[in-house]
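Here the structure is laid out as structure tokens; the discussion comes afterwards.
Here, each number is a calculation from the coordinates, and none is a lab measurement. Worth saying up front: this structure is predicted, and the values here are computed from it rather than measured. Reconstructed Cβ throughout: ideal geometry from the backbone, glycine too, with neighbour counts over all protein chains shown.
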Amino acid sequence: MHWFLDPITKHYADFEGRVGRQEYWMFILFSVLIQIALDIIHLDLIGMLLSLGILIPTLAIGARRLHDIGKSGWWSLIVLIPIVGWIILIVWLATKTEPVANQYGNPAVPKVVGTTPAAPAAAAAPVVASDTTPAVNDTTPSTTSTDSSSADGSN
């Protein structure tokens with residue numbers, strides 16, 4: 001859920017800088033899913049208010065995404081050209097990040113959430129595959145060859 005909340009709470013009207021593909025598309029995905037859920041449960045008024053409330057963050061994250069591929073945020077207005085403009089904008093928004101710094105700043109660093117740092121290499125034990133099954137400790141008493149009695153109790 002942080003993909004949806006971070007652009008709203010930390011970058012509400014931030015049209016400067018760059019944002020990566022994952023952060024942009026996750027924000028769009030959560031926005032669409034929330035709108036669909038509100039539509040299913042017939043909360044149209046809340047859906048319209050939410051759309052109005054996230055209009056500025058959506059424009060801002062779109063502009064920062066365009067900055068990430070070296071284009072001005074004003075190129076988002078290309079969506080006003082029916083069909084062709086939509087296709088061009090979607091292709092640009094899905095384009096891979098420019099790995100070098102451009103006029104809009106350094107490349108966007110992908111967010112990694114919920115991961116723990118890896119264990120040091122010295123602490124990791126190698127995994128060895130074997131074809132045999134591990135030995136199981138048997139707790140039943142065993143008979144030895146020096147014992148004169150048989151296992152069934154007869155002499």
Placing +1 on each Lys and Arg Cβ and -1 on each Asp and Glu Cβ in the range 2-93, then taking the dipole about the Cα centre, the residue among Tyr24, His67, Ile56 whose Cα reaches farthest towards the positive end is His67
About its Cα centre, the range 2-93 carries a charge dipole, from +1 on Lys and Arg Cβ atoms and -1 on Asp and Glu Cβ atoms, whose size in debye to the nearest 20 is 280
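Under the classification rounded if a/c is under 1.5, otherwise prolate if a/b is larger than b/c and oblate if not, where does the range 45-107 fall, given a ≥ b ≥ c as square roots of the Cα gyration tensor eigenvalues? Please list the in-between numbers first.
Working: a/c = 2.66, a/b = 1.51, b/c = 1.75.
Note, shape of the range 45-107 comes out oblate.
Relative to 2.2 N^0.38 Å, what does the C-alpha radius of gyration of the range 2-93 come to as a ratio? Two decimals please. Working shown, then result.
Values: Rg = 13.5 Å, N = 92, 2.2 N^0.38 = 12.3 Å.
The range 2-93 yields a ratio of 1.10.
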Sticking to Cα atoms, compute the Rg of the range 26-74 to one decimal and its Dmax as the biggest Cα-Cα distance, whole number, in Å.
-> 13.1, 41
